Every structure is written in C-alpha cells, then in structure tokens.
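Scroll down for the structure; my scribbles are underneath it.
Read-outs: derived from the displayed coordinates by stated rules, not from any lab. Note that the structure is a prediction, hence the values are computed from the model and not measured. Here the Cβ is made from the backbone with ideal geometry for all residues, glycine too, and neighbour counts use every protein chain on show.
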Ligand code: CXF
Ligand code: ZN
C-alpha cells in the first residue's frame, strides 16, 4: 500500500517527505496507521551516523496509532486496537525470558540494522529498497510495519497522539529511576541533562519520594520546567561547578546520579558527584567507540556505575503503568510535549536541537 514517509537520504541531511510503498504485514507483524510519532535524540544521532543504520532510511521510533491489519500468528492485537510502539526484542533469548528485554543481545540488529533479520525491508520508493524496521517500526510515516512484540495495546479512549514518546525517551528516563535505580524514599538524586529523558527521571524521582532532586543543565527554560516537575534544586552548569554544588547540597554527594548527556566529562562529573556507595546510571547513547575515564580510588569506595537501556523496561508492563501514573497526576509528561504537523518535521528538528524550544516534539500524521 501507499504511505507518506520522512526519509533521511544522507548523513546529517534533512528529512525528505515522499511517497513510498509499504508491504503487507508478514507472519508476526502488525500494520499500524500512525497517528503521531515523537522525535528522540537517537533519530538525530542515527541521521548523523553515530550508529551505522544504512541510509536512505525511514527513522522514527516513538510511534502510536491504530492497528490496521495483522499478519499470521498475531494474537495479542487486532485491527482497531490503539497501540504504542516501543523497541524491538527477540522475546525468546534468556534475557527476554527473564523480563530483561532491553538487554536482548539482538537489540542492535533488531533496532538499528534497517532490515528484518532476514535482510528484507518492507519499504520501497519508486521500486528501490529503503531501509526501515528502525526500532521495529520506522514510524516517521503514515503507516508502519511493527512486530507483535513491540505493539503495546492501550485503552480505546487513550489520548493516542500523546503516547508515542512512552515507547522510548519517556520510559528511558522514568524507568532508569523506577526500574533500575529504585531509590528508597528520602534519597537524593542528581540528574545531568534535563531534556525529555532527564525530565522524565525528575518526575519519577518525585513519585519515588526522593527528597533532594537536583537538575543540571545549561538551558534555563528546561531548568525551570525541571523545578516545576519536582526538582528541589537546579544548577545552571554554564557558570556553576555542578559537582561541587551537588556535594555541598547533599552533605557529601548524592545517593544516585543519572547522566543523560552522553558527554564523557559530564558522565565523569556525575560519578564524582555521588556519595560513597552512590550509584550512577549512564543512559545516553554516545557515538560508537566513545571512551571515558574514572578515578579508580574514587570507585573503590563502593561507588557503582551501570548502563541502562530503555529504562530497563518491559514495555508491555511499564507503558501501561506510566499511563496510569499520568492519569493519577503523578507523571504529567504532556508538559514536555510540543505538537507539529508531519510536514513540519524539519522545523521540529530545528526547535529540538538548535533553539532547544521543543523538549519532546511530536509529529502528527
Ligand atoms: C537507545 C540508545 C542506544 C541504545 C539503544 C537505545 N535509546 C533510544 O533512543
Ligand atoms: Zn529513542
């Protein structure tokens, strides 16, 4: 069938909107009419080829919409169901079977290769193959081929255009706190970078009963929003030493730190801002091969550093939980969102990365 898609044709290029042909869903696949799709920083790092997804490609990995058609063997969703699309995982390896889908060893090929595992792609333009299957969806398009695994059914009356970002950025920030770090009430936490991931972590830290929630960024507007969403302290790192300030505010260092920036020096200062036995989570996706250093004696004192992918989420469980938290007033993530028409995708990019005015841009198809 025909669809309208945003295609990245070359490294660092703009999105080009064009008509494409999309295949019928194969066994285990789901054709989704996309209502809206959030823009995540990873779409832009792949545009810049920090990760080697082959181009031309249809990106987009925070899609939401309505099931149009299902392939053979699909039993958990049916045409007419509203769904949020999340990341793709195999579902059968030991990590997936233990509920650690975000650590599926096939995560990279399934989400970044631009193809199904058999090497095929469901999208063509003028007869030429276009790379797709990005995060099992490629949802910067009016229709998407997803898999049963990464379709999360939501209620018929759910505000579907808002919910796509739960599939990646928002679950990444919230899950880093709620699933991975699990701070006890009364804990202190420092969050470096308050874009959509960091602000989701701020809301989750507040919901967890953290008593000191310290937001660090260089953007005053984002810092003000962090305060509104639950940060007890904000640090503008443009002119303040974040590490020293956090150590002073917490009387020796934070119990937890999160680096969302993927900048080696910022990750280093996140670790160095923690108390003895403090724990730091690295969640930002840096360019492949990026290294950073730590002070070994500082680590000796019980400090921990862990990587967290997609908030260590089991999306089928965690996304409905976040929707319920929003309904209860505990997780007002709509405050991060700015809506754009699909045609304005390049404006959304500019507002996200140049002016920073958009925190979570959502494209409405
Ligand atoms: C990514 C970061 C790199 C690893 C997979 C998940 N986050 C999504 O945007
Ligand atoms: Zn993402």
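DSSP beta bridges fully contained in the range 250-365 are about 0 percent antiparallel.
Taking other C-beta atoms within 10 Å as the exposure proxy, 134, 318, 301, 292 rank 301, 292, 318, 134 from fewest upward.
Of 26, 115, 72, the residue with the greatest mean-square motion in the GNM of the chain, using alpha carbon springs below 10 Å, is 72. Between 144, 120, 313, the GNM of the chain built on Cα springs shorter than 10 angstrom shows 120 fluctuating the most. With respect to the chain, whose longest principal axis is taken over its alpha-carbon atoms, helix 196-207 is tilted by about 60°.
If you fit an axis through the alpha-carbon atoms of helix 220-229 and take the longest principal axis of the Cα set of the chain, what angle between them do you get, 0 to 90°, nearest 10? Its long axis makes an angle of about 90 degrees. Normalised by the number of residues in the range 1-100, the mean separation of alpha-carbon contacts (under 8 Å, six or more apart) gives a relative contact order of 27 percent.
Relative to the longest principal axis of the C-alpha atoms of the chain, give the angle of the C-alpha long axis of helix 315-327, reported between 0 and 90° and rounded to the nearest 10°. The two axes meet at around 70 degrees. As a ratio to 2.2 N^0.38 Å, the alpha-carbon radius of gyration computed for the range 10-67 takes the value 1.26. When the chain is treated as a Gaussian network with alpha carbon springs shorter than 10 Å, the biggest mean-square fluctuation among 159, 183, 25 belongs to 159.
As a rough footprinting exposure proxy, the listed residues 187, 64 were ranked by other beta carbons within 10 Å of their own, and the order from fewest upward is 187, 64. Take every DSSP beta bridge whose two residues both sit in the chain; close to 55 percent of them are antiparallel. The relative contact order of the chain, computed from alpha carbon pairs under 8 Å that lie at least 6 residues apart in sequence, is 17 percent.
Remark on the chain: Rg and Dmax equal 19.9, 63 Å (Cα only).
Per residue, the chain reaches -7000 deg cm²/dmol at 222 nm when only DSSP H runs of four or more residues are counted, each adding -39500 (n - 2.57).
Among 157, 81, 217, sorting on how many other beta-carbon atoms sit within 10 Å of each Cβ, with the fewest leading, yields 157, 81, 217.
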